[in-house]
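Below is a structure I'd like to ask you about.
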Amino acid sequence: MARWLQSIRRSPTVGVVGGTNTTAPGSGVPSRLTALRSTVARIGTTLDEETTCVELTKVAAEHTACTAAIMRRGGEEGEVRFEAVSGDPTLLPDREWAVATACRDSRSGSARRGTALCVPLATGEERFGALVCVRRDGPFTPSEVEMLALLAERAASHIRHAREHDRMSRIVGDLQRALLAEPGRPHPNLDVAIRYLPVGRRAGALVGGDWCETVRLHFGRTLLVVGDVMGHGLEAAVDMTAYRSALRYIASADLPPHRVLRQLDDIASSESDRRPATCLIARVDPVRGQITLAGAGHLPPAVIDGRGDTSLLPLPVGPPLGTGLGGYEPATYRVDTDQTLLLFTDGLVEHRGEDIDESLNRLARLRFNASESVESIIDTVLADLDARHAEDDVAVLASRVRHRRRPEELGAALGV
């Protein structure tokens, strides 16, 4: 870079970025530095390697009036290929020239109908291919070579960062899939379906701490739970499994939902590094035809009736888990075999810049067929709310009391 700056100090050539004169007469080196910063800043605007390569070749082509491409080896035979081509692809070097060019240093030579330059796309010991530039009119000047080397170095640094980001995303994703083992078995008198959709790279974030759980209790009852640990990444995934493990332990005492939340809050608040979390617990009692709910900073559940209409169940909301404030209260409702209970995390409904009431109303406006299974209901919800393009992780749990025939009904059906 220093040699390039020295060359432009000696050169009377006016700096050009994207075909626009950026150096006013007599403005000197500061304007040239501004042009340099502006040029370099156009490379690496995302964490996507393919996008970075396209940005590099586009800037290189514009700055030196050439055809630019990324040269790499690929496939089982290690065949040379050109990617992210900006300009006339017919000017690109043939395979023999590409193979003969080691790209350890900037190297030029004759290529088809012009002069070709090969610049390593590398940072430190890591190599990601090469930037190849070709043009018909004359060789590249020393200042152009220095500039292309600087651009290639910038792009290589971003490619390394993008690959490291992808690697960490896979590690965290694999960890969370391991942590998100199959929920415990609900009681056989319940039909339950669960979906989890990590937002992943769509929002430039790692996997978060959304989770679902079912705990089978005595006397035909089942505890249904959804939770959302604040934040994303490895720490959120680890805290998620800590909350989940604590829930299973506390639930074994067969406490009502609001007391389960109170104990979870006590445990979490006693650990200074534990992230806060929202949580919603529903205890379904098919024998009594009741459902008891309690929430810790979580959105209310929805219920779909026998006509396919959706409504939200009012719920006293306590503070998130981990605050140590307590104050959780239960709410009990009737539940019938033709009703479907829907528990979810906020990623299902929330949109940036939208009021949460409007987000929930969008869910409440959904309609379903009375004969839809719990699996089909979740599929419909995810499709109608476009959950696969959500801005946050999505966890959804749907549950319905399974209709069981009485002995006299079974006898009548059999003609006895």
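Quick one: which residue in L315, L293 is open to solvent by 20 Å² or more (accessible area, probe 1.4 Å) and in contact with a Leu (Cβ under 7 Å, 6 or more places away or on another chain)?
Just one listed residue meets the conditions, L315.
Consider the range 296-312. How many of its residues are of a type outside the set (A, V, I, L, M), open to solvent by less than 30 Å² (accessible area, probe 1.4 Å) and either part of a strand (DSSP E or B) or closer than 18 Å to D254 by Cβ (or both)?
Qualifying residue count, the range 296-312: 1.
When only residues in the range 228-242 that are assigned to a helix (DSSP H, G or I) and among the aliphatic types (A, V, I, L, M) count, which is surrounded by the fewest Cβ atoms within 10 Å (Cβ to Cβ)?
L234
Something else now. Just to be sure I understand, how many residues within the range 114-144 are of a type in the set (S, T, N, Q) and within 10 Å of A156 (Cβ to Cβ)?
Total meeting the criteria: 1.
Does A84 satisfy the criteria of being touching a strand residue (DSSP E or B) at 6+ places or on another chain (Cβ under 6 Å), open to solvent by less than 20 Å² (accessible area, probe 1.4 Å) and at pLDDT 90 or above?
For A84, the condition - touching a strand residue (DSSP E or B) at 6+ places or on another chain (Cβ under 6 Å), open to solvent by less than 20 Å² (accessible area, probe 1.4 Å) and at pLDDT 90 or above - is not met.
How many residues, within the range 87-110, are modelled with pLDDT under 80 and under 16 Å from E144 (Cβ atoms)?
Count: 5.
Being under 22 Å from R42 (Cβ atoms), at pLDDT below 95, touching a strand residue (DSSP E or B) at 6+ places or on another chain (Cβ under 9 Å) and not hydrophobic (A, V, I, L, M, F, W, C) narrows it down to one residue among T64, T57; which is it?
T64
So for the range 161-180 (the condition being over 30 Å from the mean Cα position of the chain (by Cα), within 22 Å of R42 (Cβ to Cβ) and at pLDDT 90 or above), does at least one residue qualify?
No, there is no match, as no residue in the range 161-180 is over 30 Å from the mean Cα position of the chain (by Cα), within 22 Å of R42 (Cβ to Cβ) and at pLDDT 90 or above.
Let me ask something else. Any residue in the range 209-221 that's touching a residue at least 40 places away in the same chain (Cβ under 8 Å) and of a type outside the set (F, W, Y): show its pairings with residues that are part of a loop (DSSP other than H, G, I, E, B) and open to solvent by less than 10 Å² (accessible area, probe 1.4 Å) at Cβ separation under 6 Å, as long as the two are six or more apart or on different chains.
Short answer, once both residue conditions are applied: D210/T345; D210/D393.
Here is a further query. Going through the range 47-69 one residue at a time, which ones are open to solvent by 30 Å² or more (accessible area, probe 1.4 Å) and small (G, A, S)?
Residue satisfying the conditions is A65 alone.
Filter the range 360-385 for residues that are part of a loop (DSSP other than H, G, I, E, B) and open to solvent by less than 80 Å² (accessible area, probe 1.4 Å); which is farthest from P198 (Cα to Cα)?
So the residue we want is A370.
For the range 42-63, give me each residue that is farther than 16 Å from L121 by Cβ, in a helix (DSSP H, G or I) and not acidic (D, E).
Result: H63, single match.
Only residues that are surrounded by fewer than 17 Cβ atoms within 10 Å (Cβ to Cβ) and among the acidic types (D, E): list them for the range 126-152, please.
Matches in the range 126-152: E126, D137.
Considering every residue within the range 273-291, establish whether at least one is modelled with pLDDT of 90 or more, farther than 26 Å from D239 by Cβ and in contact with an Asp or Glu (Cβ under 9 Å, 6 or more places away or on another chain).
Looking through the range 273-291, at least one residue is modelled with pLDDT of 90 or more, farther than 26 Å from D239 by Cβ and in contact with an Asp or Glu (Cβ under 9 Å, 6 or more places away or on another chain).
Can you name the residue in the range 318-359 that is open to solvent by 30 Å² or more (accessible area, probe 1.4 Å) and part of a strand (DSSP E or B) and is also farthest from A277 (Cα to Cα) among such residues?
Among residues in the range 318-359 that are open to solvent by 30 Å² or more (accessible area, probe 1.4 Å) and part of a strand (DSSP E or B), the one farthest from A277 (Cα to Cα) is R334.
The rows are residues; the columns are (1) among the aromatic types (F, W, Y); (2) at pLDDT below 90; (3) part of a strand (DSSP E or B); (4) within 19 Å of T67 (Cβ to Cβ).
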| position | (1), (2), (3), (4) |
| --- | --- |
| T115 | no, yes, yes, yes |
| A122 | no, no, yes, no |
| G129 | no, no, yes, yes |
| C133 | no, no, yes, yes |
| F140 | yes, no, no, yes |
| V145 | no, no, no, yes |
| L150 | no, no, no, no |
| R154 | no, no, no, no |
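Output the residues belonging to the range 243-266 that are part of a helix (DSSP H, G or I) and either open to solvent by 60 Å² or more (accessible area, probe 1.4 Å) or in contact with a Ser or Thr (Cβ under 8 Å, 6 or more places away or on another chain) (or both).
The answer is S245, R248, Y249, P257, R259, R262, Q263, D265, D266.
The values are calculated or read from the model by the stated rules, or taken from the named source; none is laboratory data. The model shown is predicted, which means the values in this text are computed figures rather than measured ones. No Cβ is skipped: glycine too gets one built from the backbone with ideal geometry, and neighbour counts run over all protein chains shown. In case anyone asks, the SASA skips ligands and DNA or RNA and just uses the protein heavy atoms, side chains included. Shrake-Rupley method; radii C 1.70, N 1.55, O 1.52, S 1.80 Å.
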